[in-house]
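Structure first, then comments.
The values are calculated or read from the model by the stated rules, or taken from the named source; none is laboratory data. Since this is a predicted model, take the numbers as computed values, not measurements. Note: ideal-geometry Cβ built from the backbone for every residue, glycine included; neighbour counts use all protein chains shown. Keep in mind that these areas ignore ligands, DNA and RNA; they rest on the heavy atoms of the full protein, side chains included. Shrake-Rupley method; radii C 1.70, N 1.55, O 1.52, S 1.80 Å.
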Amino acid sequence: MPGFADRLNGIAISASAAMTDKASALKAQGVKIVSLSSGEPDFPTPDHVVEAAIVAARGGDTKYPPQDGKPALKKAVQSKFLRDNGLHYELDEILIANGAKQIIYNAMMATCNPGDEVVLPTPYWISYADIARLGGARIVQVPCPAGNDFRLSATDLDAAITPKTKWLVLNFPNNPTGACCPRQDLEEIAAVLMKHPHVWILTDDIYEHLIYDDFEFRTLAEIEPRLKDRVLTVNGVSKAYAMTGWRVGFCGGPRALIAAMNNMQGQATSGINTIAQAAAIAALEGPQDYLKDRAREYQARRDLVVGLLNAIPGLRCHTPQGAFYVYPEIGACLGKTTKGGRRIETDTDFVMALLEEQQVATVQGAAYGMSPFFRISYATDTDTLREGCRRIAEFVSSLT
Ligand SMILES: Cc1ncc(COP(=O)(O)O)c(C=O)c1O
């Protein structure tokens, strides 16, 4: 067989996608799976957004769009950054892509050279590491321990930055922990970054609207305007507006970086789907009040899940203030054996046995760079959450 590129060595299908595929395959065989692995809202895309897409398609908005995004969507993004984040970006400082994921891909590919380092507060969303590796860079982890509510310490960050650091990636509210970054932490992080002018900073704010307990979201360029010419502020419509399948992400950043990323995108996908762009305009410019209602609903689900998990001897679960994930610790389960005779040495053993013996799909902490934990997504209805937690309790209590 002809060969494959070296750059793919060590790049795997993401563990959450693999778990979702495995759960779907079991479902297709008629097994009743409780699926808590997928990172997408269960709410439908709002009607007015779908309607805007239909109008665009019927109205002939079907030609190649500009590579960097339609001016109308870039204007909507410009207004969104001002409204939600107090940030002003010129239109040539904004790029539209196929999801926040392509924004991140464009950014790393346009900047990373072999030998560069990408600093990742850990645990982290799997794709940052794989995309950075595809760009030839090396990952440097900065642990954000459970004992510190999975927050990033500015001192630890400072110690991780070297002359080779190309990027720091910030993602709060965080996937997989739901941890948020309070204003004071962000100010301390900003002070560290002011000392290291050779570092780009990518802040992935995709969960900005999913915040609880009156937490106030702030983004780095807003907190420290002197960093704005090194910060790429990344966001998208997937999570807040329940539009994961539409594939629209966007960013604001320094003009030269945006131009380089646009150059990269031009050889990969060109401009993104016109119909999805029309939908994203409707999402960003339409009513915003339902975002708070949905956040309240997620908060109630969080409280339910955290309460049920902490009632299980052997599990410890923190109470995150954002996103729709919890990341319980399972140290007490290691070294034990399941009813079905499987030995649990790692969190990967734990989630695989949980799927096979109790048909609950979750994701192992190893996939996010911090063990022994597992990730539960609570972006699903409360009956499913109750049933999932009941099965997890049965599974854990039967370990010997
Ligand atoms: C932290 C984070 N960033 C980005 C994405 C991807 O967003 P998009 O659907 O816009 O590509 C995800 C999806 O899971 C995510 O968790």
| task | With a point put 7 Å past each Cα toward its Cβ, work out how far residue 384 is from residue 113 in nm, to one decimal. | result | 4.7
| field | Nearest 10 degrees, 0 to 90: helix 99-111 Cα axis against the chain principal axis | value | 70
| query | Tell me, what is the FRET efficiency for residue 195 and residue 141 to the nearest 0.05, using R0 = 22 angstrom and their Cβ-Cβ distance as r? | reply | 0.60
| note | Residue span residue 336 to residue 187: 0.36 nm per residue of separation minus Cα-Cα distance leaves a gain in nm of 49.3 nm
| field | Tail fraction, Cα-Cα pairs, the stretch 47-285, threshold 23 Å, whole percent | value | 47
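Give me the percent of accessible area attributable to carbon and sulfur for the stretch 184-330, probe 1.4 angstrom.
For the stretch 184-330, the apolar C and S fraction of the accessible surface comes to 50 percent.
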| field | DSSP-assigned coil residues among GluC sites (Glu not before Pro) in the stretch 64-164, each with at most 13 further Cβ atoms within 10 Å | value | 90
| Heavy-atom accessible area per residue - the chain, 1.4 Å, Å² | 41
| By how many nm would the segment from residue 158 to residue 51 lengthen if fully extended, with 0.36 nm per residue of separation less the alpha-carbon distance? | 33.7 nm
| message | What does DSSP give for the stretch 149-305 in terms of the percent of beta bridges that are antiparallel, rounded to the nearest 5? | response | 35
| note | Computed, not fitted: 222 nm per-residue ellipticity of the chain from DSSP H runs ≥ 4 (each -39500 (n - 2.57)), nearest 500, equal to -12500 deg cm²/dmol
| request: Could you tell me what percent of the DSSP beta bridges with both partners in the chain are antiparallel, to the nearest 5? | output: 45
| Between residue 263 and residue 149, what is the label-to-label distance in nm when each label sits 7 Å out along the Cα-to-Cβ direction? | 4.3
| field | Hull-based mean projected area of the chain, where the convex hull spans the alpha carbons, in square nanometres | value | 20.7
| What's the carbon and sulfur percent of the stretch 83-159's accessible surface, probe 1.4 angstrom, rounded to a whole number? | 48
| request: Filter the GluC sites (Glu not before Pro) in the stretch 208-287 to those in DSSP coil with at most 12 other Cβ atoms within 10 Å of their Cβ, and list the result. | output: 216
| Amide H of residue 142: which non-local residues (sequence gap of 5 or more, or other chain) have their own amide H closer than 5 Å, using H built in the peptide plane? | 120, 122
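State, as an integer percentage, the relative contact order of the chain based on alpha-carbon contacts under 8 Å between residues 6 or more apart.
Reported relative contact order: 23 percent.
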| Ordered by residue, what ³J(HN,Hα) values in Hz, to whole numbers, does the stretch 349-354 give under the Karplus form 6.51 cos²θ - 1.76 cosθ + 1.60, where θ = phi - 60° and Gly and Pro are x? | 4, 4, 5, 5, 5, 4
| said: Within 15 Å, Cβ to Cβ, of residue 192, how many net charges do the neighbouring residues add up to if Lys/Arg are +1 and Asp/Glu are -1? | reply: -2
| Cβ under 12 Å from residue 258's Cβ, residue 258 left aside: what net charge do those residues give with Lys, Arg +1 and Asp, Glu -1? | -3
| field | the chain: angle of helix 47-58 to the longest principal axis, Cα-based, in degrees nearest 10 | value | 50
| query | How large is the Kirkwood hydrodynamic radius of the stretch 246-400, in angstrom, based on all distinct alpha carbon pairs? | reply | 18.4
